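Report on one structure; see the data block that follows.
The values are calculated or read from the model by the stated rules, or taken from the named source; none is laboratory data. Keep in mind that this is a model prediction, so the values were computed, not measured. Here the Cβ positions follow ideal geometry from the backbone for every residue, glycine too, while neighbour counts run over all protein chains shown. Areas reflect the complete protein model, heavy atoms only, side chains present, ligands, DNA and RNA absent. Shrake-Rupley method; radii C 1.70, N 1.55, O 1.52, S 1.80 Å.
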Amino acid sequence: MLLLYLDANSGSLIAQVAVAGFAGAAVAAKLSWRRASERLRRNRAPGDPEAQADGEKRGS
Amino acid sequence: MAKSAVPDRRIGLAMTPEIPAGPGCPDEGSFRDPDSQVVHTGGRVLRRLSETGRSDWDALSRTTFFERAVAAGRLVGTVDVAVGREGLGDGWAGLVEHEPIPFVTYPFEWTFGMLAAGAALHLELLREALAEDITTKDGYAYNLQWRGVEPVFIDISSFTPYHGGPWAGYRQFCETFLNPLMLQSFMNVDFHPWLRGRLEGIPVQHMRRLLSPRDLVRRGALRHVVLHALLERKAHGTTPSTRSALADAGFGRDAMIATVDKLLGVVRTLSWRPEASTWTSYATTNTYSGEDRAEKLRFVDRVASSARPHLVWDLGYNDGTYARAAARHASQVVAMDADHATVELLYRSLRSARVGNVLPLVVDLADPSPSLGWRNRERPGLLERPRPDLVLCLALLHHLAIVANIPLPQVVEWLAGLAEVAVVEFVDRHDPMVAQLLANKSVAHADYSLARFQHEVAEYFDVEAREELSSGTRALYALRRR
């Protein structure tokens with residue numbers, strides 16, 4: 001992981017996705033897809049075996 | 001001295017590996033980055049590097065962009081210095097040497113054109129570096145200095161290998177470059193007090209509040225101010241996790257380059273037309289005859305050619321004629337004037353004439369740059385920087401004494417502390433321009449007289465030459481401090 005002495009601020013990093021224009025659009029799409037699928041997983045019942053398996057995968 | 005060919009900067013560097021004994025003097029402005037620290041010793045500028053810093057430097061020095069940029073004078077000349085571990089001190093793993101900068105200045109002393117040129121250079125270098133997988137850790141306007149009217153990037157340690165993700169320096173770039181430029185371009189508000197008042201620059205949130213509805217349609221405003229401010233407020237998550245999330249989502253070199261290109265597009269569009277002021281039209285409205293101007297020029301030329309100064313300060317230089325005359329005999333002339341528009345016009349004319357050793361600055365001598373930053377030593381004030389060998393004080397005295405209300409004895413004392421040799425023009429109270437200034441004052445300024453001036457001068461200086469101009473109301477003095 002790149003450690004920098006300067007705190008760039010999360011918002012300033014995300015803002016560049018919009019600045020990057022077309023190149024950023026693909027990134028934005030992937031980010032939204034990931035957020036959407038995460039929310040979908042969380043909406044499943046806690047006892048759901050699929051949800052548990054996913055949780056284990058993320059934790060590794 | 002017109003310089004049309006760009007010299008190879010590396011040749012100018014001393015290649016001697018021996019470091020003078022002693023720890024050297026750490027640069028008071030170089031302490032935030034744990035991987036590098038600038039040290040001054042024996043007139044040389046050295047930089048200590050940690051293991052990480054050294055590996056970053058190795059990566060940078062192997063790129064073709066670095067070599068090209070140094071040769072073109074856009075990046076400061078830097079070479080390795082061989083020295084044993086014992087010579088480095090604890091925790092340091094490497095040493096490099098930088099070409100010194102003739103006179104250090106700060107963004108709140110630059111003109112709009114200079115700040116814009118600096119911004120463009122920073123982005124262009126970043127773009128070239130990215131092509132070889134190198135990025136910069138920050139986007140600070142203080143990464144740059146000036147050689148005459150050419151900007152040069154000096155913070156070599158800012159370069160680091162690129163591992164994906166967006167630019168860490170984007171916010172700093174917006175706050176120290178883009179926002180001040182927009183303030184000037186959109187609103188015609190001088191950015192100098194803002195940058196002098198806060199080294200970190202104009203905050204994104206503040207810039208957002210300053211924008212009028214009309215400004216929102218200007219190029220760059222929506223993305224870099226409005227959206228940026230919104231996301232800065234709303235975004236959660238730590239910076240490292242956000243950066244890796246974006247990198248994982250595919251924000252790579254292409255997206256970085258696209259960001260830099262967009263910023264460059266905005267910087268190149270921003271423009272400022274200096275308003276005509278009393279000072280910008282001074283060359284035509286002043287009361288000098290052509291003969292007087294020629295005589296003044298000859299006087300300055302004679303003093304400068306015999307003094308052969310290393311550093312000249314031209315105070316209140318107006319159209320820069322005399323600064324250029326002195327520049328023919330000096331290594332470096334720093335020309336200071338308080339009127340932003342005037343300095344901007346001089347900057348442009350120096351660039352088009354390709355004059356290499358005159359540096360124009362926006363400075364109010366009655367309120368010069370103070371020492372700023374951590375311990376008020378991080379960014380030394382104007383009067384803490386190297387003093388000139390020759391100071392030109394032409395048609396300035398009456399401004400300090402009458403307009404700024406500074407007692408004449410104090411002005412003369414101050415001049416004596418500045419330089420060994422001074423060229424001073426004393427303008428009598430009967431001169432039309434001075435009479436005009438006095439007419440606006442209820443205070444009589446009784447101490448402003450030729451007799452008083454000569455009396456004060458005699459306290460500190462020997463008068464080596466004196467010449468009265470044909471108008472009869474102005475006299476030139478060549479003074480040497482005792």
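Just one of the listed residues (B:457, B:443) is within 21 Å of residue B:314 (Cα to Cα) and either outside any loop (DSSP other than H, G, I, E, B) or not charged (D, E, K, R) (or both), and it is B:457. If you check B:326, B:353 for being surrounded by 18 or more Cβ atoms within 10 Å (Cβ to Cβ) and among the aliphatic types (A, V, I, L, M), only one passes: B:326. None of B:469, B:476 is touching a helix residue (DSSP H, G or I) at 6+ places or on another chain (Cβ under 7 Å) and under 21 Å from residue B:419 (Cβ atoms) except B:476. Among the residues that make up the range B:152-161, is at least one of them facing chain A (nearest Cβ under 10 Å) and surrounded by fewer than 19 Cβ atoms within 10 Å (Cβ to Cβ)? Yes, some residue in the range B:152-161 is facing chain A (nearest Cβ under 10 Å) and surrounded by fewer than 19 Cβ atoms within 10 Å (Cβ to Cβ). Among the residues of the range B:162-210, those identified as touching a helix residue (DSSP H, G or I) at 6+ places or on another chain (Cβ under 7 Å), open to solvent by 30 Å² or more (accessible area, probe 1.4 Å), in a loop (DSSP other than H, G, I, E, B) and away from chain A (no Cβ under 14 Å) are B:189, B:190. For the range B:96-118, the criterion of being polar (S, T, N, Q), at pLDDT below 95 and open to solvent by less than 70 Å² (accessible area, probe 1.4 Å) is met by none of the residues. Applying the condition of being of a type in the set (S, T, N, Q) and in a loop (DSSP other than H, G, I, E, B) to the range B:97-144 and asking which residue is farthest from residue B:266 (Cα to Cα) yields B:105. Tell me, which residue of the range B:217-231 that is open to solvent by 30 Å² or more (accessible area, probe 1.4 Å) and under 19 Å from residue B:172 (Cβ atoms) is farthest from the other protein chains (Cβ to nearest Cβ)? Here the answer is B:226. Residues to consider are B:79, B:39, B:83; find the one that is in a loop (DSSP other than H, G, I, E, B), at negative phi, hydrophobic (A, V, I, L, M, F, W, C) and surrounded by fewer than 22 Cβ atoms within 10 Å (Cβ to Cβ). Selected residue: B:83, the only one of B:79, B:39, B:83 that is in a loop (DSSP other than H, G, I, E, B), at negative phi, hydrophobic (A, V, I, L, M, F, W, C) and surrounded by fewer than 22 Cβ atoms within 10 Å (Cβ to Cβ).
Contact map, the range B:370-381: first residue open to solvent by 40 Å² or more (accessible area, probe 1.4 Å), second residue at pLDDT below 95, Cβ cut-off under 6 Å, separation 6 or more or different chains; pairs are B:377/B:28.
Considering B:127, B:147, the condition of being basic (Lys, Arg), surrounded by fewer than 23 Cβ atoms within 10 Å (Cβ to Cβ) and closer than 23 Å to residue B:383 by Cα is satisfied by B:147 alone. When the range B:405-438 is filtered for residues that are without any contact (Cβ under 8 Å) to a residue 60 or more places away in the chain, in a loop (DSSP other than H, G, I, E, B) and open to solvent by 40 Å² or more (accessible area, probe 1.4 Å), the ones remaining, listed by number, are B:405, B:406, B:407, B:429, B:430.
When B:54, B:62, B:74, B:47 are screened for being open to solvent by 60 Å² or more (accessible area, probe 1.4 Å), in contact (Cβ under 8 Å) with a residue 12 or more places away in the chain and within 27 Å of residue B:130 (Cβ to Cβ), only B:54 passes.
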